[in-house]
Amino acid sequence: MEEENKTEENKIEESKTEEKKPEADGAEIEKAKEPAAPAPNQEEPREDTGDEILRMKDICKDYDMGNEVLHVLKSVCLSVRRGEFLAILGPSGSGKSTLMNIIGCLDVPTSGDYWLDGRHIADEDETSLARIRSREIGFVFQSFNLLQRQNAFENVELPLIYANVPEKERRQRVDEVLELVGLSDKRENMPNQLSGGQQQRVAIARAIANRPAILLADEPTGALDQHTGAQVMELFHQLNEEGNTIIMITHDPKIASHAKRIVRILDGEISEGALEDA
């Protein structure tokens, strides 16, 4: 998962540089390739009632391995409504990171249809996809991915700079989200002056600063101890109660149980499992 996280980090940083290129700490990594095999029943797409923010129909992702084709995702169907808190739960190699990449417009499917907030993603060009990644999806990763030479305020401000938000409004929004995550007094602190939980809160503040349509979190508590992880999950509950749509990718059933709906993925196919109380 750590290597996969770096892949998403690279693509996000690359997409952002199309608008502006601030100083960044990047890393080169290869794309996740996960094996496929038979799996549970699919979740059929729901009728579009106007409140769907995401819909996938028959999404497939294949990789040409030379002598064979690796089927990572197989006819995945999924819909997410505005304001949902959804967990995608699956073990390593299940295809969940590839699915996350497609949800986040970091990768494109081999076949199938994907609508995000009313847009048919296959119809969007690279410039448009970069704009979607920068402005409409807030990413939270296991490794925080903060820029080490910028303080908390400057890290949170980055997506607003990419979106060309005026400076006065930028500062107001940064102050608002830092207060929301309980770090108003840490705005001048560098990442190495913050605990792991505080760094993840800065990362969450950065992800929501641009008021994205979806907050996409990949193993958001994976680098935290149990107590700090619980605090981060409480923050996700708070954000969801305020209307934010959250999609969380995890291998941990205990973390997934915090979501209001759980979708299980295995061998490239998904099914909606029994929802357990958080």
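Using 0.36 nm per residue, how much length does the chain from D117 to S92 gain when fully extended, once their Cα-Cα distance is taken away?
Numbers: separation 25, 0.36 × 25 = 9.00 nm, distance 2.88 nm.
The D117-S92 span can extend by a further 6.1 nm.
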Just read off the accessible area of L235 with the full protein assembly in place, 1.4 Å probe, to the nearest 10 Å². 0 Å²
Scan segment 168-226 for GluC sites (Glu not before Pro) in coil per DSSP, keeping those whose Cβ has at most 11 other Cβ atoms within 10 Å, and list them by number. E188
List the pair-distance distribution P(r) of segment 202-242, using every Cα-Cα distance, as the percent of pairs falling in each 5 Å bin from 0 up to the bin containing the longest distance, rounded to whole percents. 5, 21, 33, 26, 11, 3
Using alpha-carbon positions, what is the distance between the centroids of segment 141-203 and segment 107-137, in Å? 26 Å
Take the Cβ-Cβ distance between S128 and V69 as r, set R0 to 30 Å, and report the resulting FRET efficiency rounded to the nearest 0.05. 0.55
For H251, solvent-accessible area (1.4 Å; no DNA, RNA or ligand), Å²: 110 Å²
HN-Hα J in Hz across segment 92-104 - Karplus 6.51, -1.76, 1.60, θ = phi - 60°, x for Gly and Pro: 4, x, 7, x, 5, 6, 5, 4, 4, 4, 6, 4, x
I'd like the accessible area for Y63: 1.4 Å probe, protein heavy atoms, all chains in place, Å² to the nearest 10. 20 Å²
Which order do K260, K186 take by accessible area at a 1.4 Å probe, largest first? K260, K186
Within segment 173-273, percent of DSSP bridges classed antiparallel, to nearest 5: 45 percent
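The values are calculated or read from the model by the stated rules, or taken from the named source; none is laboratory data. This structure is a prediction, so every number in the text was calculated from the model and none was measured. Neighbour counts run over all protein chains shown; Cβ positions are idealised from the backbone, glycine included. The area values use the complete protein model at the heavy-atom level, side chains included, leaving out ligands, DNA and RNA. Shrake-Rupley method; radii C 1.70, N 1.55, O 1.52, S 1.80 Å.
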